[in-house]
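Quick notes on the structure that follows.
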Amino acid sequence: MGGIKYDPGEDIPELTGKVMFITGGTAGIGSESILLLAKHNPEHIYFSGRNSTAAEALTTKVKATSPNAALTFVQCDQGSLASIKSAVEQQFKHKRLDILICNTGIMDKPPGLTTDGYEIQFGLLPIMLQTAAEPDSDVRIIMLTSLAFKIHPTSGIVFKDLKTTQPYRAFGGTLRYGQSKLAALVYARELARRYPSITSVAIHPGVVQTSLVTDLSATHKAVVYISQLGKLLTPEQGAYTYNQVWAAVGDKPKGKPENGVFYEPVGMPGKLNTQAKNQKLASELWRWTEKELDAW
């Protein structure tokens, strides 16, 4: 692949004073990113997930290489707005948040709904980011997406069906997944438009061999392995050789991400399809999200 050659050992800057929140941090790309970032002295790393045992194991692993790292596990179910709201209110203690990495996701699953009645792969952004306008601040939101954003229903996001299981006759799991990844990309672009003081980007990490892939059905797993022959990455490779860490903390001389851009590995602007560039869709998604969050 093209793009920037990014080596975390050399290219991650010192992160003194930075407060980070990484969703889906107990496994896969999320946990590998935490291991890398913790070595560079951030003020605090919050990470969310449901599995407290995995969180304890990760904390032990981080402390082995970064004994002074400050970590807080925010246990919550990101399929439940009530769980998210309660967890963040009770456990997030800082008055600033420099980096938010929205890393949680599932892939190509059977039809299902979240606790709040949303099609489970769409979800809602777990955190309302507030940032202070401080001199020399560098605040970033990183939305994890996928090249699957190109595979979606014709209208892009089917808002009227987000509280149904969307049982498409063919390739249902793929269409539901693609719709959720399109939403993440479009939402990042709309965040960038509305809040230009925050760098908001969507990134494709490469096709990484995490539970998103290993938990697929045999048929869908075969499609991924065959189509990505020789290119399927480990979580370690997906976290640093590819995009997520660069997007979160990339700086000179390797460059910073540009607001509102979709990046393929590493730091390479990706091509958008018609729906990904659709401003009407972006505005509708924003309004829909605001309306749903109003109740909370």
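The values are calculated or read from the model by the stated rules, or taken from the named source; none is laboratory data. Quantities reported herein were computed from a predicted structural model and do not represent experimental measurements. FYI the Cβ positions are ideal-geometry reconstructions off the backbone, even for glycines, and counts take in every protein chain you see. To get the accessible areas, we keep the full protein, side chains included, count just its heavy atoms, and leave off ligands, DNA and RNA. Shrake-Rupley method; radii C 1.70, N 1.55, O 1.52, S 1.80 Å.
In the stretch 270-282, which residues are outside any loop (DSSP other than H, G, I, E, B) and either touching a Leu at 6+ places or on another chain (Cβ under 8 Å) or open to solvent by less than 40 Å² (accessible area, probe 1.4 Å) (or both)?
Going through the stretch 270-282, the residues outside any loop (DSSP other than H, G, I, E, B) turn out to be 275-277, 279-282.
Scanning the stretch 270-282 gives 275, 276, 281, 282.
Could you count how many residues in the stretch 5-26 are modelled with pLDDT under 90 and surrounded by fewer than 18 Cβ atoms within 10 Å (Cβ to Cβ)?
Qualifying residue count for the region: 4.
Residue under question is residue 33, and the condition is that it be surrounded by 14 or more Cβ atoms within 10 Å (Cβ to Cβ), among the hydroxyl-bearing types (Ser, Thr, Tyr) and on the phi < 0 side of the Ramachandran plot; does it hold?
So residue 33 passes the test.
Anything in the stretch 257-269 that is touching a residue at least 24 places away in the same chain (Cβ under 8 Å) and open to solvent by 20 Å² or more (accessible area, probe 1.4 Å)? List them, or say none. Show your work before the answer.
Within the stretch 257-269, the subset touching a residue at least 24 places away in the same chain (Cβ under 8 Å) is 257-268.
Passing the criteria: 258, 259, 261, 264, 268.
May I ask you to verify whether residue 239 is surrounded by 19 or more Cβ atoms within 10 Å (Cβ to Cβ), within 21 Å of the chain's Cα centre (by Cα) and either modelled with pLDDT under 85 or more than 25 Å from residue 187 (Cβ to Cβ) (or both)?
Yes: the conditions hold for residue 239.
Identify, please: which residue in the stretch 127-155 is of a type in the set (S, T, N, Q) and open to solvent by 40 Å² or more (accessible area, probe 1.4 Å) and is, among those, modelled with the highest pLDDT? Please lay out each step first, then the result.
To start, the set of residues in the stretch 127-155 that are of a type in the set (S, T, N, Q) comprises 130-131, 137, 145-146, 154-155.
After this cut, where a residue has to be open to solvent by 40 Å² or more (accessible area, probe 1.4 Å) as well, the list is 130-131, 137, 154-155.
Working: 130: 62, 131: 62, 137: 88, 154: 69, 155: 70.
The residue in question is 137.
Restricting attention to the stretch 98-112, does a residue exist that is open to solvent by less than 30 Å² (accessible area, probe 1.4 Å) and either modelled with pLDDT under 70 or in a helix (DSSP H, G or I) (or both)? Walk me through how you get there before you give the answer.
If we filter the stretch 98-112 for residues that are open to solvent by less than 30 Å² (accessible area, probe 1.4 Å), which is where we start, we get 98-103, 108, 112.
Pick out the ones that are also either modelled with pLDDT under 70 or in a helix (DSSP H, G or I) (or both) and you get 108, 112.
Checking the stretch 98-112: at least one residue is open to solvent by less than 30 Å² (accessible area, probe 1.4 Å) and either modelled with pLDDT under 70 or in a helix (DSSP H, G or I) (or both).
With respect to residue 121, is the statement that it is surrounded by 19 or more Cβ atoms within 10 Å (Cβ to Cβ), of a type outside the set (Gly, Ala, Ser), outside any helix (DSSP H, G or I) and modelled with pLDDT under 80 true? Give the derivation first.
Values: surrounded by 19 or more Cβ atoms within 10 Å (Cβ to Cβ): yes; of a type outside the set (Gly, Ala, Ser): yes; outside any helix (DSSP H, G or I): yes; modelled with pLDDT under 80: yes.
Against the criterion (surrounded by 19 or more Cβ atoms within 10 Å (Cβ to Cβ), of a type outside the set (Gly, Ala, Ser), outside any helix (DSSP H, G or I) and modelled with pLDDT under 80), residue 121 qualifies.
Where residues in the stretch 156-186 are loosely packed, with under 14 Cβ neighbours inside 10 Å and either in contact with a Pro (Cβ under 7 Å, 6 or more places away or on another chain) or not in a helix (DSSP H, G or I) (or both), which of them is modelled with the highest pLDDT?
164
Does any residue of the stretch 217-233 turn out to be modelled with pLDDT of 55 or more, aromatic (Phe, Trp, Tyr) and either under 15 Å from residue 4 (Cβ atoms) or in a helix (DSSP H, G or I) (or both)?
No; the residues of the stretch 217-233 include none that is modelled with pLDDT of 55 or more, aromatic (Phe, Trp, Tyr) and either under 15 Å from residue 4 (Cβ atoms) or in a helix (DSSP H, G or I) (or both).
Looking at residue 254, is it open to solvent by 20 Å² or more (accessible area, probe 1.4 Å), modelled with pLDDT of 85 or more, more than 16 Å from residue 184 (Cα to Cα) and of a type in the set (D, E, K, R)? Break it down stepwise before answering.
Values: open to solvent by 20 Å² or more (accessible area, probe 1.4 Å): yes; modelled with pLDDT of 85 or more: yes; more than 16 Å from residue 184 (Cα to Cα): yes; of a type in the set (D, E, K, R): yes.
The answer is yes for residue 254.
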